[in-house]
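Below is one structure, written out as structure tokens, with a few remarks after it.
The values are calculated or read from the model by the stated rules, or taken from the named source; none is laboratory data. Predicted, not measured: the structure shown is a model, and the values here were computed from it. Virtual Cβ from ideal backbone geometry, glycine too; neighbours counted across all protein chains shown. Remember, those area values only see protein heavy atoms, side chains included, never the ligands or the DNA or RNA. Shrake-Rupley method; radii C 1.70, N 1.55, O 1.52, S 1.80 Å.
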Amino acid sequence: MERLLNFVYNYRAFFTFLLLEFFCAWLIVANNQYQSTKYFNTSNRLIAQINATSQGIREYFSLRDINEVLAQENTMLRTKLVQQEQALYLYNLNKVRDSALFRQYDYVSAKVINNTTKYYKNFITIDRGADAGLQVGMAVISSLGAVGKVKSVNDHYAVIISLLNIENQVSGLIKRTGHFGTIQWDGTNPSIINLKYIPRHVNPTVGDSIVTSGYNAVFPAGVFIGRIKEFKLKEEALFYDIKVELSQDFGKLSFVEIIKNKTMKERNLLEQTTIGEQK
């Protein structure tokens, strides 16, 4: 404290000079309209910039909460949309009146907390588990397309087997032609996946949309997977070699939605009882 007082005393002339300068500036601003206007315009602009910067900093640190809210809203809207589409489809084509089928799918939003893309067998960990109703075998999607399916679950977390896993197979079809095949990664390019078993009489084109077929109880029909990037047909081959560019960049995956198919157990039980276990 004594040093501070000595410092002020030693430089008292300088501090007096500063005080008089500020006082003179205040007199000029207070008694001259032009200087007053310039001062207030400049100060308001500076304050606005400071407020904008501070608001940007606050928004940056609140992005996680904002993303979670948006993911929940997206889940709710997707649920309503799928229910409406399912109801319209069943009504127009099958004239079904079973309200349970109209509400066949529910969605749970989750945050990705671990994700790999560099291995042959890649997995994704999310922050939802059995406490949110998740079960093994449920489909997982993002706002951009198919992601994978639930591999294992505990109370608070779940592990997803990614589409970027050489052991994962998904039934997909060419939306334009309606021909279906098997989607399976070959372990090389994380942005490209293979569409297999498309017969040679089909005429695929570059840019064709590839979606889930709905031929199993995991994914609903019509979930976007990607677009055909290239294809070729060897002279004696029975099927095309088709490369599909994935719609989802798995290296940027942050939020996902888990699809809860309320009729999956019923369908699986019937198929296993009738035709036996095939997988």
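When region 111-133 is filtered for residues that are within 16 Å of Gln248 (Cα to Cα) and either outside the structural domain of Trp185 (by TED's automatic domain parsing) or among the hydrophobic types (A, V, I, L, M, F, W, C) (or both), the ones remaining, listed by number, are Val112, Phe123, Ile124.
In this structure, Glu257 does satisfy being of a type outside the set (Phe, Trp, Tyr) and in contact with a helix residue (DSSP H, G or I) (Cβ under 6 Å, 6 or more places away or on another chain).
Residues that are buried (at least 19 other Cβ atoms within 10 Å of the Cβ), assigned to a strand (DSSP E or B) and of a type in the set (S, T, N, Q) within region 103-159 comprise Ser109, Asn115, Asn122, listed in sequence order. Residue pairs whose Cβ atoms lie under 6 Å apart, sitting 6 or more positions apart in sequence or on different chains, and linking a residue in region 197-220 that is closer than 17 Å to Thr263 by Cα to a partner that is open to solvent by 40 Å² or more (accessible area, probe 1.4 Å) and of a type in the set (A, V, I, L, M), are Gly214/Ala221. Residues in region 207-244 that are in a strand (DSSP E or B), over 12 Å from Ile174 (Cα atoms) and either within 17 Å of the chain's Cα centre (by Cα) or of a type in the set (A, V, I, L, M, F, W, C) (or both): 2 in all. Number of residues in region 225-256 that are open to solvent by 60 Å² or more (accessible area, probe 1.4 Å) and under 29 Å from Ile113 (Cβ atoms): the value is 4.
Of all positions in region 179-189, at least one carries a residue that is over 24 Å from Asn122 (Cα atoms) and either more than 20 Å from the chain's Cα centre (by Cα) or among the basic types (Lys, Arg) (or both).
Could you check region 162-174 and list, in sequence order, the residues that are over 12 Å from Gly214 (Cα atoms) and either surrounded by fewer than 23 Cβ atoms within 10 Å (Cβ to Cβ) or free of Cβ contacts under 8 Å to residues at least 40 places away in the same chain (or both)? Selection gives Asn165, Ile166, Glu167, Asn168, Gln169.
Taken over region 175-191, the criterion of being touching a strand residue (DSSP E or B) at 6+ places or on another chain (Cβ under 8 Å) and open to solvent by less than 20 Å² (accessible area, probe 1.4 Å) is satisfied by Gly181, Ile183, Trp185. When restricted to residues that are assigned to a loop (DSSP other than H, G, I, E, B) and touching a strand residue (DSSP E or B) at 6+ places or on another chain (Cβ under 8 Å), region 196-206 contains 7.
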